[in-house]
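All remarks here apply to the structure that follows.
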Amino acid sequence: MEHHPSHQTTNELASVGGALTTKSISIVLPAYNEEMVIADTVAACLRAADRYCPNVSVIVVDDGSRDRTGAIIDQLAMNDPRVVPVHHPTNRGYGAAVLSGFAAARTELLFFMDGDGQFDIDDIAKLLRVEEAAAPGTVVLGYRERRRDTALRRLNAWGWKQVVSLMLGLRGIRDIDCAFKLFPTAMVQACDVTAQGAMVNTELLIKLRRLGFRWCRCRSAISRASTARRPERICA
């Protein structure tokens with residue numbers, strides 16, 4: 001399903017208090033069995049877009065959920081044309097959901113985060129400020145300063161980072177799998193990423209590095225382990 005956000009002029013955006021960019025942007029939310037939180041996550045994205053990036057699409061990818069996630073995002077789309085539902089008939093994995101959202105984007109910029117509400121979407125403002133100040137084609141990567149994961153999960157994440165750095169040559173990335181990233185859309189779609197699972201971030205960043213693109217990093221102050229805790233924050 002294609003969606004083309006309406007284009008607004010710089011003067012029109014100037015009348016919107018706090019708008020940080022005139023570029024169109026797609027916010028991609030992969031979701032699996034998120035009926036309890038997906039409506040709130042989408043609403044938070046739309047509120048943030050009104051403040052910072054009014055020319056927006058919120059692309060929600062239901063990855064074969066067994067609950068009411070699919071029906072909820074369809075209703076959200078009926079109520080607001082900025083919401084774009086994408087459905088997988090069966091569960092295909094996190095990477096596949098992210099890539100379906102990427103493929104549906106028709107905007108200049110592409111941002112993604114998890115659909116379970118673990119991030120504070122207002123921190124997109126920090127990524128947008130970096131993107132506006134950086135050279136064209138710059139990727140802005142969020143990373144978590146403090147993770148609330150268990151010690152074992154943190155150890156696994158550290159080990160994976162070392163493997164990726166040493167074996168695959170992906171250096172200078174503090175938090176590979178942090179799902180809070182901002183890209184030029186055409187750049188991502190040109191990478192032809194194929195990973196269907198958790199390797200999607202790694203494959204994407206490796207291909208971007210090989211193509212010679214640069215990136216900037218924004219720090220996340222808080223990370224949480226589940227949707228029962230407060231959202232994590234991204235700090236510039």
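The values are calculated or read from the model by the stated rules, or taken from the named source; none is laboratory data. Just so it is clear, the structure is predicted and the values come from calculations on it, not from any experiment. Every residue, glycine among them, receives a Cβ derived from its backbone with ideal geometry; neighbour counts consider all protein chains shown.
With respect to S223, is the statement that it is under 16 Å from the mean Cα position of the chain (by Cα), at pLDDT below 60 and either assigned to a helix (DSSP H, G or I) or surrounded by 19 or more Cβ atoms within 10 Å (Cβ to Cβ) (or both) true? In short, yes. Considering only residues in region 187-218 that are among the β-branched types (V, I, T) and more than 16 Å from F112 (Cβ to Cβ), the one that is surrounded by the most Cβ atoms within 10 Å (Cβ to Cβ) turns out to be I206. For region 1-46, a residue qualifies if it is under 26 Å from A96 (Cα atoms), outside any loop (DSSP other than H, G, I, E, B) and either modelled with pLDDT under 50 or of a type in the set (G, A, S) (or both), and the qualifying residues are S26, A31, A39, A43, A44.
For region 47-63, a residue qualifies if it is under 14 Å from the mean Cα position of the chain (by Cα) and either among the β-branched types (V, I, T) or in a helix (DSSP H, G or I) (or both), and the qualifying residues are A48, A49, V56, V58, I59, V60, V61. Just give me the residues in region 116-166 being out of contact with any strand residue (DSSP E or B) (no Cβ under 9 Å at 6 or more places or on another chain), outside any helix (DSSP H, G or I) and either at pLDDT 85 or above or under 20 Å from L208 (Cβ atoms) (or both), in sequence order. Matches in region 116-166: G117, A135. Checked against (1) surrounded by 18 or more Cβ atoms within 10 Å (Cβ to Cβ); (2) in a helix (DSSP H, G or I); (3) at pLDDT 95 or above, G95 meets all criteria but (3).
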